[in-house]
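Q: First the structure, then my questions, so here it is.
The values are calculated or read from the model by the stated rules, or taken from the named source; none is laboratory data. Since this is a predicted model, take the numbers as computed values, not measurements. A quick note on method: Cβ atoms are made from the backbone with ideal geometry, for glycine too, and the neighbour counts reach across all protein chains shown.
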Amino acid sequence: MYSQTTKSTDKFYAIKDHLISKGYDVKANDTICRQVSNRYEDLAKFVVDYNKIIFVSGKKSSNGKVLYEVCKKYNAHCYFISSVDELDKGWFSPNDRVGICGATSTPMWLMEQVKSEILLY
């Protein structure tokens, strides 16, 4: 059994254990990227401190999709964008605390650009 490198380690091992419990002989090759999976706990702690979360990543980024789902799990007011143009003023209310985070491959300049645009609201 192999996993995509950005999948949840918990889910990977839950599937492995489930297959074993059904009597299958399973050899598991854990190819999960720890640079992504090690961020889960930090993201979970980060997103609960904000009213809104803007998650910045490419739409096709596998690690972006996984990390966004972690954010969304702990903060329902999480928005996935790939560019500043996708921001919607309607997402925000006065006095919102907005957190910005992104995928491992999201460039810092893009996150700074998103921050600058949000400050204009």
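Q: Checking VAL70 against (1) over 13 Å from the mean Cα position of the chain (by Cα); (2) within 13 Å of ALA103 (Cα to Cα), only one condition comes out false. Which one?
A: Every listed condition holds for VAL70 apart from (1).
Q: Another question about this same structure. Give the number of residues within the range 68-89 that are at pLDDT below 95 and either more than 29 Å from ASP10 (Cβ to Cβ) or in contact with a Phe, Trp or Tyr (Cβ under 7 Å, 6 or more places away or on another chain) (or both).
A: Matching residues across the range 68-89 total 4.
Q: Can you spot a residue in the range 102-117 that is polar (S, T, N, Q), within 10 Å of the chain's Cα centre (by Cα), within 30 Å of PHE12 (Cβ to Cβ) and surrounded by 14 or more Cβ atoms within 10 Å (Cβ to Cβ)? Full working, then the answer.
A: Narrowing the range 102-117 to residues polar (S, T, N, Q): 104-106, 113, 116.
Subsequent filtering for residues that are within 10 Å of the chain's Cα centre (by Cα) retains 104.
When the remaining residues are screened for being within 30 Å of PHE12 (Cβ to Cβ), the result is 104.
Subset that is surrounded by 14 or more Cβ atoms within 10 Å (Cβ to Cβ): 104.
Looking through the range 102-117, at least one residue is polar (S, T, N, Q), within 10 Å of the chain's Cα centre (by Cα), within 30 Å of PHE12 (Cβ to Cβ) and surrounded by 14 or more Cβ atoms within 10 Å (Cβ to Cβ).
Q: Where residues in the range 1-31 are among the hydroxyl-bearing types (Ser, Thr, Tyr) and modelled with pLDDT of 85 or more, which of them is surrounded by the fewest Cβ atoms within 10 Å (Cβ to Cβ)? Please lay out each step first, then the result.
A: Step one: filter the range 1-31 for residues among the hydroxyl-bearing types (Ser, Thr, Tyr), giving 2-3, 5-6, 8-9, 13, 21, 24, 31.
Restricting the remaining residues to those that are modelled with pLDDT of 85 or more gives 21, 24.
Values: SER21: 8, TYR24: 10.
The selected residue is SER21.
Q: Name the residue that is farthest from ALA44 (Cα to Cα), counting only residues in the range 83-99 that are touching a Lys or Arg at 6+ places or on another chain (Cβ under 9 Å) and surrounded by fewer than 18 Cβ atoms within 10 Å (Cβ to Cβ). It would help to see each step written out before you state the result.
A: Initial filter on the range 83-99 (touching a Lys or Arg at 6+ places or on another chain (Cβ under 9 Å)): 91-93, 96-99.
Imposing the further condition that a residue be surrounded by fewer than 18 Cβ atoms within 10 Å (Cβ to Cβ) reduces the set to 91-93, 96-97.
Values: TRP91: 21, PHE92: 21, SER93: 23, ASP96: 19, ARG97: 16 Å.
Going through the qualifying residues, I end up with SER93.
Q: Can I ask one more? Kindly indicate the residue of the range 32-52 that is modelled with pLDDT of 90 or more and of a type in the set (A, V, I, L, M, F, W, C) and also farthest from ALA76 (Cα to Cα) among those meeting that condition. First the steps, then the outcome.
A: First, pick out the residues of the range 32-52 that are modelled with pLDDT of 90 or more: 45-52.
Cutting the leftovers down to of a type in the set (A, V, I, L, M, F, W, C) gives us 46-48.
Working: PHE46: 13, VAL47: 10, VAL48: 10 Å.
So the residue we want is PHE46.
Q: To continue, here is another question. Just give me the residues in the range 40-64 being closer than 13 Å to SER105 by Cα and either small (Gly, Ala, Ser) or in contact (Cβ under 8 Å) with a residue 40 or more places away in the chain (or both), in sequence order.
A: PHE55, VAL56, SER57, GLY58, SER61, SER62, ASN63, GLY64
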